[in-house]
Structures are given as C-alpha cells and as structure tokens.
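Here is the structure we will look at.
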Amino acid sequence: MRTMFVKLFFWFWLAMTLSGIIIFLIAFNMRIGPMHAQLENRYSVERARIICEALTLYGYTAARIYEKYGEMATRNFGHRGETPGMRAYLFSTDGVSLSGPAPPYLRKAVQQLLKSNLSQIIYDKGIVSAAVLVKSPRGKVYVAAAEGVPPMPTHQVIIQGGPFPLEFWFRFCVTFVIGGLVCYGLAWHLTSPVRQLRAAAQRLGTGDLSTRVSIRTKGRGDEVTDLVHDFNRMAERVEKLMLAQKQLVRDVSHELRSPLARLNVALGLARRNASPAAEAPLDRIEQEAERLNVMIGELLTLSLLESDSARFEKEPFDVSDVVAEVVRDADFEAASRNRRVQYDATAPMQMAGNREMVRRALENVVRNAVRYTTEGTAVEVSLEESLNHAVIRVRDHGPGVPEESLKHIFRPFYRIAEARDRQTGGTGIGLAITERAVLLHSGQVQAANAPDGGLMIEFRLPLS
C-alpha cells in the first residue's frame with residue numbers, strides 16, 4: 001500500500017465495513033431478547049396445547065376402561081401407557097383418583113380445576129403439572145391430570161447459514177460491495193489532483209516546461225486545489241526563467257561571434273608585424289580564441305536543441321554507417337595520441353531521425369573517451385540490436401567517474417575535475433548536447449563505470 005489512493009480506499013472501506021458490522025451486532029442483540037421471549041411464548045402455548053390434547057385422549061380412553069372394566073384395569077392402563085418421565089391419572093368429579101394414589105400437588109390442581117369451572121389448567125412456566133376435563137363415551141365428566149411434565153428446554157434460534165440468517169449475509173455482501181464502490185469513488189476523487197500533480201511534476205522534470213495541471217475547481221476550494229494553483233504558478237515562473245536564460249545564452253553567443261571574428265582578424269594582422277619573440281603569446285591567443293569559438297558553437301547547438309525549433313523532419317538512415325564514420329574519424333585523431341578506437345562492423349540498422357544530430361551526439365562521447373583513455377589503450381565501440389532498439393556502447397580505459405557524479409555528467413558545464421578538464425580542453429557542454437539529441441529521438445543515454453575500470457556510456461535509439 002504505497003500509494004495514497006490505496007491507503008485511503010482501504011481505510012475508508014475498512015472503517016465503513018467495521019461500522020456496519022458493529023451497528024448490526026448492536027441491533028441484532030437488541031432484537032434477540034424479544035425474539036427469544038416471543039419464541040418461548042409460542043413454544044409454551046403450543047406445548048401446552050399438545051399436552052392437553054394428549055391428556056384429553058388419555059382421559060377419554062381411561063374413562064372408557066374404567067366404566068367398562070373397573071378401577072383396577074384403569075390403574076394397569078395408566079402404568080402401561082404412561083410416557084417416560086410423565087405419569088397420568090384419572091380423577092372423578094369429586095377429586096378422587098381412579099388410577100391409584102396421586103401426588104398432593106396434582107390433587108390440588110384437580111380441585112382447583114373443578115372449583116374454577118375451567119376446561120383445563122396448567123401450572124408453572126415449565127408445565128410441571130396439567131389437568132383437563134374429559135367426557136367418557138357415556139357422557140360422564142372426568143378429570144385427566146398429569147405429573148412430571150418435562151420442563152421446557154432452553155431454546156436457541158435455529159437459523160440456516162450459521163449464527164446469522166442467510167438474509168444477513170446477503171445484506172452484508174451488498175453493503176460491503178456498495179461501501180467498497182463508494183470508498184473507491186471517494187478515494188479516487190480525493191487523490192485525482194495528487195496523481196495529476198505527480199504526472200505533471202514528472203513531465204516538468206523531463207524538461208517539458210509548458211506542463212500545467214488542469215482540474216475542476218468548482219465545488220472543491222480545498223488545500224489540494226490551492227496546491228495545484230501554486231504548482232501552476234511555480235511551473236509558469238520556471239518556464240519564464242528558463243526561456244529567459246536560453247534566450248540570454250543565444251543572444252550572448254551570437255553577440256560574441258562578432259568580436260571573436262574581429263579578434264581573429266586582428267590576430268592575423270598582429271602576426272605580420274610581430275617579432276619572433278611574440279609568436280608564443282600569439283599562438284596562445286589563437287588557441288584560446290579557438291576554444292572560445294568551439295564553446296560558442298556548442299552553446300548555440302545546445303540552445304537550438306533545447307528550443308522549440310529543435311523539431312526536425314525524420315529521415316531514414318543507417319545507424320551502422322554513422323557509427324563507422326565517427327569511429328573512423330576518431331581513430332585518425334587518436335593515433336596522434338598513441339590511442340586507438342576499435343569497432344566491429346555490424347549489419348545495417350535503419351532508424352528515422354536526424355542523421356547529423358545522431359552523429360554529433362556519438363562523436364562527443366567518442367572524443368571524450370579518446371581524451372580520457374590511458375595511452376596505449378583502445379576505446380571500444382559496439383553496436384547491437386535489442387528489442388527493436390539500436391544499442392551503442394562506448395567504453396574507455398581511463399580513470400572513470402566517481403559514482404556520485406555519474407548522474408550529473410550530462411548537465412551543461414558540469415566538471416568532474418576543473419584542472420583536468422581545462423588541461424584536456426573540455427567545455428562541459430558536449431555530453432549535454434549528446435543527451436538532448438538522444439532524447440529528441442525518443443532514446444535513452446546512461447553512463448556507468450566498467451567493473452575493471454573506465455567509463456561506459458550506452459545509447460538506446462529506437463529503430464524504424
């Protein structure tokens with residue numbers, strides 16, 4: 001649960017579900033008492049009816065036996081037909097037991113029945129004893145009574161589907177699903193501006209300065225809306241500053257070209273009238289002017305690549321030809337420094353883009369590798385196809401780059417060692433041009449230190 005959306009959704013859903021369960025349990029417990037009382041009452045009434053019907057049947061049969069066969073037969077019938085745990089008796093209307101000696105409380109129940117002119121009487125909630133009036137086949141009235149009626153057991157609600165009814169589980173599932181949908185929509189609504197802010201921040205980080213966040217502010221007016229407005233103002237301010245900086249670099253670069261050209265003309269004139277002792281200072285001036293000219297050219301190239309005018313028409317060309325051309329030129333220059341550039345030619349690989357831009361990007365990296373590789377070693381250049389991409393690797397055998405500097409070497413004017421870069425003539429712009437050119441071709445470029453020393457830079461350019 002790393003995202004805010006998942007956290008909000010989960011906790012909202014959990015809180016809603018637990019609240020629903022607790023409310024249901026409280027309501028269920030409030031209803032369970034009356035439900036048990038109602039069930040117990042219905043059970044008692046039904047049980048009393050069954051007992052009275054059984055006593056009526058017994059009394060009718062016992063009275064018939066008594067009138068036909070006498071008291072002894074009635075006693076024998078009562079002993080044989082009694083229910084286990086329950087014994088029935090037949091009484092006359094005088095309260096005399098015709099089925100043998102009866103318990104005092106049962107005789108009391110019979111006497112009360114005869115005095116109250118009721119048709120039946122049941123004692124105690126547990127139905128300990130019962131008595132009913134019956135008529136014999138001859139029409140004579142008797143009293144049938146029973147003792148030891150089993151008490152009513154403790155009842156439990158017998159429900160299908162476990163401790164709760166099936167209806168409960170159905171309602172629970174419906175509530176669970178609806179609650180999940182509501183929480184999902186709520187979490188999505190709350191985190192939508194945050195997701196848009198994150199996507200906009202990523203686009204802004206990749207250099208898209210026109211990025212803005214557009215959300216519906218009607219009905220919101222919360223802190224997230226204020227954050228979106230602040231982000232848009234920040235992005236607008238950054239865009240203005242960056243555009244002003246790029247414009248300044250372009251203007252300064254163009255303006256420097258004119259005095260630099262005049263400086264070269266003046267340098268040529270000075271050489272005509274200079275003494276032999278002035279040759280060395282003039283050579284130094286010419287070298288620095290040339291470095292300044294190269295730097296101005298790279299600044300103009302970088303400004304062009306970072307501006308909207310960097311859009312170009314895509315034309316098909318062979319990547320392997322570009323790599324072979326760059327390697328051939330770099331190897332010629334490296335020979336004067338006791339270094340080499342190795343490359344094994346590969347099959348043609350077609351891609352669509354700006355051939356000169358790709359050549360310039362690769363040339364900057366290869367020349368850097370030639371500059372920093374150890375004397376007597378070779379810069380290794382390879383080209384292969386992987387997942388419809390041309391993968392170009394340039395590896396030198398130099399000192400490498402500190403790990404903390406690897407992610408910064410593609411920044412303009414970034415220098416790892418000021419003195420070393422000055423000595424080798426680096427301007428700190430070449431790798432920035434390389435990265436921008438590769439990104440304009442929807443590619444990737446990254447740098448890493450080789451395990452056995454040296455720096456390796458890898459290009460990934462999409463093929464046609």
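What the table below lists for this structure:
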quantity: Restricting the stretch 112-123 to residues that are of a type outside the set (A, V, I, L, M) and surrounded by 15 or more Cβ atoms within 10 Å (Cβ to Cβ), the residue that is modelled with the lowest pLDDT; calculated: 123
quantity: Condition met for residue 158 (β-branched (Val, Ile, Thr), surrounded by 14 or more Cβ atoms within 10 Å (Cβ to Cβ) and at pLDDT below 75); calculated: no
quantity: Whichever residue in the stretch 328-343 is touching a helix residue (DSSP H, G or I) at 6+ places or on another chain (Cβ under 7 Å) and part of a helix (DSSP H, G or I) and, among such residues, is nearest to residue 366 (Cα to Cα); calculated: 330
quantity: Verdict on residue 80 being in the same structural domain as residue 21 (by TED's automatic domain parsing), modelled with pLDDT under 65 and in a helix (DSSP H, G or I); calculated: yes
quantity: First in the stretch 446-464 and closer than 13 Å to residue 405 by Cβ, second anywhere and assigned to a strand (DSSP E or B), Cβ under 6 Å, 6 or more apart; calculated: 447/457; 448/456
quantity: Matching option when the condition is under 26 Å from residue 297 (Cα atoms), of a type in the set (A, V, I, L, M) and modelled with pLDDT of 90 or more, among 392, 429, 433; calculated: 392
quantity: Which listed residue, of 381, 358, is in the same structural domain as residue 445 (by TED's automatic domain parsing) and in a helix (DSSP H, G or I); calculated: 358
quantity: Filter result for the condition that a residue is closer than 25 Å to residue 434 by Cβ and assigned to a helix (DSSP H, G or I), over 257, 272, 284; calculated: 257
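Matching residues to (1) surrounded by 12 or more Cβ atoms within 10 Å (Cβ to Cβ); (2) under 30 Å from residue 436 (Cα atoms); (3) at pLDDT 75 or above; (4) of a type outside the set (Val, Ile, Thr):
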site: 172; (1), (2), (3), (4): yes, no, no, yes
site: 184; (1), (2), (3), (4): yes, no, yes, yes
site: 197; (1), (2), (3), (4): yes, yes, yes, yes
site: 201; (1), (2), (3), (4): yes, yes, yes, yes
site: 205; (1), (2), (3), (4): no, yes, yes, yes
site: 211; (1), (2), (3), (4): yes, yes, yes, no
site: 218; (1), (2), (3), (4): no, no, no, yes
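The values are calculated or read from the model by the stated rules, or taken from the named source; none is laboratory data. Quantities reported herein were computed from a predicted structural model and do not represent experimental measurements. Cβ coordinates were reconstructed from backbone atoms using ideal geometry, including for glycine residues, and neighbour counts include every protein chain displayed.
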